[in-house]
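Some notes on the structure that comes next.
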Amino acid sequence: MSATAWTAKAADIALDAAPLELAPLGADDVEIAVSHCGICHSDLHLVDGDWGIDYPITPGHEVVGTVTAVGSAVSGIAEGERVGVGWQCNSCGECEYCRAGDDNLCAQNQATCIGRPGGFATALRVPARFAFALPDALPSERVGPLMCGGITVFSPLRRFGAGSGKRVAVVGLGGLGHMAVQFAAALGAEVTVLSHSPDKADDAAKLGASHFVHTGTEDWNAPLMKHFDLVLNTVSAVIPINDYLATLKPHGVLCTVGAPGEPLQVSAFNLIGGERMLAGSAIGGRARIREMLEFAARHGVLPWVETLPVAEVNTALDRVRNNRARYRMVLEIAG
Ligand code: NAP
Ligand code: ZN
């Protein structure tokens, strides 16, 4: 089957549309006609060469579409079903992590858009285990960003106990950050946004944050020493991480999901004092994805999106590059 894909051939070159010959449909695969695909900053890291991944790259891993074919061994998912696909599209299914439901930690995990064409395309073939039925309450133009951005923030919020009586800071009000604020507030936490963009204060409040702090001033953290139980860093660039560690209570956790190509510089004393913990988190396992989708449908957690036709993919990427998306760009690929 042939399709069309929007592909980056090198850094600093605009993505181009070209015919795509899909890989054969395996027995365990589904074929999806893509209707929408969100743009995650990870797509931009790939396109811009931040992570040193080889070209060509067809990005896209916040995919929504309709199943158009199923492999001979697939059960539980049928032609015509609306599904979503996120960052991960395969795992071994047998290792201790897969067996424990942490398929995202499998050493053989495979990304949807690395070494294979992703969702900036009219069609996608992936293992059926990583195509998720979508609740009716989540509309197609808005649900895609939950498949990567949403699970990436929901998983650490759950793992580190964000909830009633907990103070949670979300660093960076972008695609991930604005979903993190909604999830953390819905989980019952008191949410503070730490942002270098003062014009985002009103949106932070609308999303459910109780407090907004502009991090552009020298002493922004002075009133916040030993204040938070959890700091979730969603920033795509290197931040002065010690300034944020200092805002954690004893035994507090700073979890980074933001993935800049350059290292974060950590002072040992900011970890030792207060016995603080520095953690990372990678998307989420399949059971957690299902839980996240059900939670989002129940609590009305939905990304704020700006949609553009896929022909304008380079404009959409630029809006993310320039921190102008409010708050997730979504490409319309087919009606
Ligand atoms: P995004 O929409 O571009 O948002 C990033 C936010 O970071 C911006 O809105 C901005 O928020 C803040 N920011 C950007 N540059 C900054 C700078 N120089 N200094 C301070 N703050 C800055 O990106 P995203 O899609 O949410 O992705 C965020 C990061 O998460 C990326 O690195 C992405 O690769 C990573 N990610 C990781 C996983 C995982 O599994 N761990 C999954 C998905 C994405 P303010 O304007 O509010 O400051
Ligand atoms: Zn992503």
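The values are calculated or read from the model by the stated rules, or taken from the named source; none is laboratory data. Treat the numbers as computed from the prediction; the structure is a model and nothing was measured. Note: ideal-geometry Cβ built from the backbone for every residue, glycine included; neighbour counts use all protein chains shown. Remember, those area values only see protein heavy atoms, side chains included, never the ligands or the DNA or RNA. Shrake-Rupley method; radii C 1.70, N 1.55, O 1.52, S 1.80 Å.
Worth a mention:
- Among the criteria (1) under 21 Å from R129 (Cβ atoms); (2) of a type outside the set (D, E); (3) surrounded by 18 or more Cβ atoms within 10 Å (Cβ to Cβ); (4) away from ligand 2 (no atom under 14 Å from the Cβ), the one P24 does not fulfil is (3).
- Take the conditions (1) free of Cβ contacts under 8 Å to residues at least 40 places away in the same chain; (2) surrounded by fewer than 24 Cβ atoms within 10 Å (Cβ to Cβ); (3) not aromatic (F, W, Y); V181 misses just one of them, which is (2).
- Filtering segment 110-160 to residues that are without any contact (Cβ under 8 Å) to a residue 60 or more places away in the chain and among the polar types (S, T, N, Q) leaves Q110, T112.
- Counting only strands (runs of 3 or more DSSP E) that sit completely within segment 1-83, those holding 2 or more residues that are within 16 Å of ligand 1 (Cβ to nearest atom) and in contact (Cβ under 8 Å) with a residue 40 or more places away in the chain correspond to 29-39.
- Count - residues of segment 27-76 that are open to solvent by less than 20 Å² (accessible area, probe 1.4 Å) and not small (G, A, S): 20
- Meets criteria (away from ligand 2 (no atom under 15 Å from the Cβ), in a helix (DSSP H, G or I), open to solvent by 50 Å² or more (accessible area, probe 1.4 Å) and touching a residue at least 12 places away in the same chain (Cβ under 8 Å)) for R326: no
- Extreme residue, surrounded by the most Cβ atoms within 10 Å (Cβ to Cβ), among residues of segment 207-242 that are outside any loop (DSSP other than H, G, I, E, B) and more than 14 Å from ligand 1 (Cβ to nearest atom): L230
- Number of residues in segment 274-315 that are more than 16 Å from ligand 1 (Cβ to nearest atom) and part of a strand (DSSP E or B): the value is 2.
- Considering residues of segment 84-95 that are surrounded by 19 or more Cβ atoms within 10 Å (Cβ to Cβ) and assigned to a loop (DSSP other than H, G, I, E, B) only, the residue farthest from ligand 1 (Cβ to nearest atom): S91
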